[in-house]
Structures are given as C-alpha cells and as structure tokens.
Amino acid sequence: MWRSFFLAVGITLIIVGTECLVVDTASMISEGGSRSVTPPAWAPWSMMSTGAVVILYSFTIPKRMNT
C-alpha cells in the first residue's frame with residue numbers, strides 16, 4: 001500500500017512540474033473573481049526532481065513490510 005502511495009505522489013509531482021514548465025500563468029475563476037498564479041522559475045525543476053526521487057524511493061520499499 002505504501003509503495004503505490006509513494007509511486008502515485010512521485011508521478012503526480014512529475015506531471016505538475018511538467019505542467020508548470022509548459023504554462024507561464026494559470027487563471028483560476030471562482031465566485032469572488034479570477035486569480036492568476038505564476039509559478040517561480042525554480043518550481044518546475046524542483047517538483048520534477050523531487051518526483052523522480054520519490055519514485056526511486058518507492059521502488060526500494062519492500063513489497064511486504066514487517067511491522
């Protein structure tokens with residue numbers, strides 16, 4: 001269960017990091033108006049590298065943990 005959880009978190013971080021690399025700004029519309037979000041220049045690379053490390057960590061977790 002933990003293995004699949006960390007794998008999903010790592011894949012999600014890589015996808016979000018790639019999206020931040022492609023998109024310059026994102027506009028979110030709500031009832032109170034719209035809000036623009038601009039990710040900093042370091043955010044895509046740190047998300048993708050953290051996602052890669054988490055995926056590698058998920059492969060090192062044994063299939064059955066003795067707890």
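The values are calculated or read from the model by the stated rules, or taken from the named source; none is laboratory data. Model, not experiment: these values are computed from the prediction. All Cβ positions, even for glycine, are placed from backbone atoms using ideal geometry, and neighbour counts span all protein chains on display. Side chains are part of the model used for accessible areas, which takes the heavy atoms of the whole protein and leaves out ligands, DNA and RNA. Shrake-Rupley method; radii C 1.70, N 1.55, O 1.52, S 1.80 Å.
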Positions within region 1-26 being more than 27 Å from PRO62 (Cβ to Cβ) and either open to solvent by less than 90 Å² (accessible area, probe 1.4 Å) or at pLDDT below 90 (or both), in sequence order: VAL16, GLY17, THR18, CYS20, LEU21, VAL23, THR25, ALA26
What are the residues in region 10-33 that are touching a strand residue (DSSP E or B) at 6+ places or on another chain (Cβ under 6 Å) and polar (S, T, N, Q), if any? THR25, SER27
Here is a list of conditions, (1) assigned to a helix (DSSP H, G or I); (2) more than 12 Å from the chain's Cα centre (by Cα), and ASP24 meets all of them except one; can you say which number that is? (1)
(1) within 11 Å of the chain's Cα centre (by Cα); (2) surrounded by 13 or more Cβ atoms within 10 Å (Cβ to Cβ) all hold for ILE61 apart from (1)
State which residue pairs qualify: first residue over 13 Å from GLU19 (Cα atoms) and inside region 31-44, second residue among the β-branched types (Val, Ile, Thr) and open to solvent by less than 80 Å² (accessible area, probe 1.4 Å) in any location, beta carbons under 6 Å apart, and separation of 6 or more residues or different chains. SER36/THR25
Taking PRO44, is it touching a helix residue (DSSP H, G or I) at 6+ places or on another chain (Cβ under 8 Å), part of a loop (DSSP other than H, G, I, E, B), at negative phi and open to solvent by less than 80 Å² (accessible area, probe 1.4 Å)? no
